[in-house]
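**Student:** Submitted below is the structure of interest, expressed as structure tokens.
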């Protein structure tokens, strides 16, 4: 059905729900590239005004991507929890925003509601929200997950230690890992993006991480960010796979471009669980997503990139992940042009994921051809820290020498802990204290207690 | 306390021992700290690297200079451009960077011939990479191609170009294969990285799966001579087997690695890493 709204003497018509959603979206280059963006600022506001009046339950019987041809839509509709949804079933999108901002929406209420919220509902309400709303509400949504430690507790923020190397050199990766641990990074995961596709080399990297974690009895998990089929094969070969990684997107066709189906992800989850390597929980999937991924695969079905991104979180949610990471500025300026667009997208993604009950982290990042710099990343880091992001990246000096982009650094996470008083995962925090890397207040010790870690380097007795 | 000693036979401090780690990787480790923050020295070092990478994206492309250098190598060239008319256009609209301007299309049609290979030099995302590294690579490659007796099209110098622009250029020239040398997305530590994309039977609509790519060609990465050897081998195989892409890639890498090992040169760079983060289209 079409939607009509009059603003003064001008009347705007939106042909269908996905056009209404797209035109209500804050401006970004990817929606322009796709030809979906509003033609004027007034048209954008007209779309938001119409969207605010839309009953939330419309999304349960009007699919943006056809149910018949898209397994992600089927997953969203078939797994929808009507009992949880009942609490908000009578609300419009605009009324939902008012309710989310109100005192009635407590952390406990929001946690119970999460399975009743579809990605389209989350995306729709986010389009009406200012950045401060996205922060305020996300802060109330806590999503706690466990494997060898407890992530997502209030007042904590974890860090993925990302010790990438352009040729997967073991000594180089180990050097970055030890440096990162000495800054108190690595509670979310020690996760390597491998340069090589070779199973043999990936197996070596898995054993390298396994040895470091075992040697120092670090309450954390390792991961090589390789295709899910590769992780399944490595598990069959007996390699020590803690977390099973996969990039995912919000449509069946986009997932096909990544070489995955929902059935394959289920297989990955089961293979991971068969290992029983978790000590305090069995959340073991690690997913990465990012606005623009579906459009870049020409698999967006005419849906705006932020809504498609929220649909990816429905995919993630189905496999009880430990970590979901929106790699917000990695894809480039044709999708998110500048610091303003990247910051907005990071806050939207974090909000939508958390509202849906997904353990959201964010790779706060940009490429050198985007109109952005480290000041923009400082801003987004400060906002996401305030919003209660589950984890961020720790890249040496913020410069990823393998993937050629800039993220957040070991120092950046110290900054945000200092400013906001954020702790690490409790098990990891206790380990850092035992190692004399941090003091009781969580600050790095002056004595450089990390020296014990140097023993991991070959030929270097501690 | 420690077996490690410095020149004065004083035990190394912990900071010094961490600094030693930095020799093991080009990553920015052992930077020290001022409280929780980056020391001023490192703040400025990062700022400079970012400035250079930004400049590499926006540095004006100087095709006439490249044409003169090609002419000095004894080759002919022609200048073409994509449908993107400005750098901003180019960055926002990758589709425009993948199709030719009408004038360039006519120019290429006029030069149509029976060519084995069309070499294209394109600015891509780093003019810096092209101005510094394209000509030395062509100079290293040229004798190897001449040895194969290939018929070369005039070298096309392409402005505001994405990788797939080569498909249309090759089609209009009537080339059996194109080799696109293009400035890669500049990294903070590698603003001058050049990528080489090889595509058999070029025509619009091909995807990256139909190409072979050698990445990170620059003095601090994969050096010109081994890059040229690898490219020449791929070109020979591709023309013989009538394909490029995934099927060619695996075998060529094995064979090249074998050959390089015979020469005692273990310094070959890896093929372009496949980022597990969402991919950026060139």
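Read the figures in this text as sums done on the coordinates, not as results from a lab. Since the structure is predicted, the reported quantities are computational estimates derived from the model, not experimental observations. No Cβ is skipped: glycine too gets one built from the backbone with ideal geometry, and neighbour counts run over all protein chains shown.
**Student:** Using only alpha carbon positions, build the gyration tensor of region A:161-301, then give the equivalent ellipsoid semi-axes as the square roots of 5 times its eigenvalues, largest first, whole angstrom. Don't jump to the answer; show the numbers that get you there.
**Tutor:** Working: eigenvalues 137, 60, 41 Å².
Ellipsoid half-lengths, sorted descending, are 26, 17, 14 Å.
**Student:** Also: How far apart, in nm, are two points set 7 Å out from the Cα along the Cα-to-Cβ line at residue A:131 and at residue A:419?
**Tutor:** Going by the 7 Å Cα→Cβ label model, 1.1 nm.
**Student:** Find, to one decimal place in angstroms, the Kirkwood hydrodynamic radius of region A:72-172, where the mean of 1/r is taken over every pair of different Cα atoms and then inverted. Can you show the working numbers first?
**Tutor:** Details: mean 1/r = 0.0617 Å⁻¹.
Value: 16.2 Å, from the Cα pair sum.
**Student:** Between 0 and 90 degrees, rounded to the nearest ten: what's the tilt of helix A:339-355 against the longest Cα principal axis of chain A?
**Tutor:** In chain A, helix A:339-355 runs at an angle near 90 degrees to the longest axis.
**Student:** What number results when the radius of gyration of region B:14-56, computed over Cα atoms, is divided by 2.2 N^0.38 Å? Present the calculation step by step, with values, prior to reporting the outcome.
**Tutor:** Working: Rg = 12.2 Å, N = 43, 2.2 N^0.38 = 9.2 Å.
Its radius of gyration relative to the 2.2 N^0.38 Å reference: 1.32.
**Student:** Where does the protein assembly as shown land on Rg(C-alpha)/(2.2 N^0.38 Å)? Before the final figure, lay out the partial values.
**Tutor:** Details: Rg = 26.3 Å, N = 744, 2.2 N^0.38 = 27.1 Å.
Ratio of Cα Rg to 2.2 N^0.38 Å: 0.97.
**Student:** While we're on this one: What full-extension length gain, to one decimal in nm, is calculated for residue B:233 and residue B:34 as 0.36 nm per residue of separation minus the Cα-Cα distance? Walk me through the intermediate numbers first.
**Tutor:** Details: separation 199, 0.36 × 199 = 71.64 nm, distance 5.13 nm.
Stretched fully, the residue B:233-residue B:34 segment lengthens by 66.5 nm.
**Student:** Could I ask something else about it? Please pull out the direction-averaged projected area of region A:211-282, using the convex hull of its alpha-carbon atoms, in nm² to one decimal place.
**Tutor:** Details: hull surface 20.6 nm².
The directionally averaged projection comes out at 5.2 nm².
**Student:** Classify region B:1-125: rounded, prolate or oblate, from the alpha-carbon gyration tensor (a ≥ b ≥ c, eigenvalue square roots; a/c under 1.5 rounded; otherwise prolate if a/b is larger than b/c)? Please list the in-between numbers first.
**Tutor:** Values: a/c = 4.21, a/b = 2.56, b/c = 1.64.
It comes out prolate by the Cα gyration axes.
**Student:** In which sequence would A:156, A:279 go, from the one with the fewest C-beta neighbours within 10 Å to the one with the most?
**Tutor:** On the way: A:156 22, A:279 13.
Fewest-to-most ranking of A:156, A:279: A:279, A:156.
**Student:** Looking at the P(r) of region A:10-164, how many percent of alpha-carbon pairs lie beyond 19 Å? Provide the component values of the computation, followed by the final result.
**Tutor:** Values: 7333 of 11935 pairs.
So the pairs more than 19 Å apart make up 61 percent of the total in region A:10-164.
**Student:** How tilted is helix A:131-140 with respect to the longest principal axis of chain A? Cα atoms for both, answer in degrees (0 to 90, nearest 10).
**Tutor:** 60
**Student:** Another one. Please report the spacing between the Cα centers of region A:3-18 and region A:153-175 in Å, no decimals.
**Tutor:** 49
**Student:** Another question about this same structure. Give me P(r) over region A:266-412, computed from all C-alpha to C-alpha distances, binned every 10 Å, as integer percentages.
**Tutor:** Values per bin, smallest distances first: 12, 39, 35, 13, 1.
**Student:** Angle, helix A:119-128 long axis vs. longest principal axis of chain A, Cα atoms, 0 to 90°, nearest 10?
**Tutor:** 70
**Student:** If you average 1/r over all unlike Cα pairs in region B:61-262 and invert the result, what Kirkwood radius do you get in angstrom? Intermediate results must be reported in sequence, preceding the final value.
**Tutor:** Working: mean 1/r = 0.0601 Å⁻¹.
It is 16.6 Å.
**Student:** Taking the Cα-to-Cβ direction at residue B:112 and at residue A:144 and moving 7 Å from each Cα, how far apart do the two end points lie in nm?
**Tutor:** 7.1
**Student:** Please compute the contact order of region B:61-262 in relative form: average sequence separation of alpha-carbon pairs under 8 Å and at least six residues apart, divided by the residue count, as a percent.
**Tutor:** On the way: 409 pairs, mean separation 43.3, N = 202.
Relative contact order, region B:61-262: 21 percent.
**Student:** Among B:40, A:251, rank each residue by its count of other Cβ atoms within 10 Å, from fewest to most, as a rough exposure measure. Walk me through the numbers before you get to the answer.
**Tutor:** Working: B:40 9, A:251 26.
So the residues, fewest neighbours to most, are B:40, A:251.
**Student:** Give the separation of the Cα centroids, region A:332-387 to region A:234-311, in Å.
**Tutor:** First find each Cα centre; the distance between them is then 20 Å.
**Student:** Could you pull the Cα extents of region A:145-452 along its three principal axes, largest to smallest, in whole Å?
**Tutor:** 56, 45, 35
**Student:** Now for a separate question. Go ahead and run the numbers for FRET between residue A:446 and residue B:16, Cβ-Cβ distance against an R0 of 22 Å, rounding to 0.05. Working shown, then result.
**Tutor:** On the way: r = 16 Å, r/R0 = 0.73.
FRET efficiency, residue A:446 to residue B:16: 0.85.
**Student:** Hey, got the average number of other protein chain Cβ atoms within 10 angstrom for residues in B:123-133?
**Tutor:** Numbers: counts 0, 1, 4, 2, 0, 0, 0, 0, 0, 0, 0.
That works out to 1 on average.
**Student:** Still on this structure, I have one more. For region A:38-110, take N as its residue count and report Rg(C-alpha) divided by 2.2 N^0.38 Å. Walk me through the intermediate numbers first.
**Tutor:** Values: Rg = 14.8 Å, N = 73, 2.2 N^0.38 = 11.2 Å.
Output field value: 1.32.
**Student:** Between residue A:229 and residue A:101, what length comes free when the chain is fully extended (0.36 nm per residue of separation minus the Cα-Cα distance, one decimal in nm)? Write down the numbers at each step before the final one.
**Tutor:** Values: separation 128, 0.36 × 128 = 46.08 nm, distance 4.20 nm.
In short, 41.9 nm is gained.
**Student:** Okay, moving on. Taking the Cβ of each residue in B:197, A:67 as the centre, tally the other Cβ atoms inside 10 Å and list the residues starting with the fewest.
**Tutor:** Going from least to most buried by this count: A:67, B:197.
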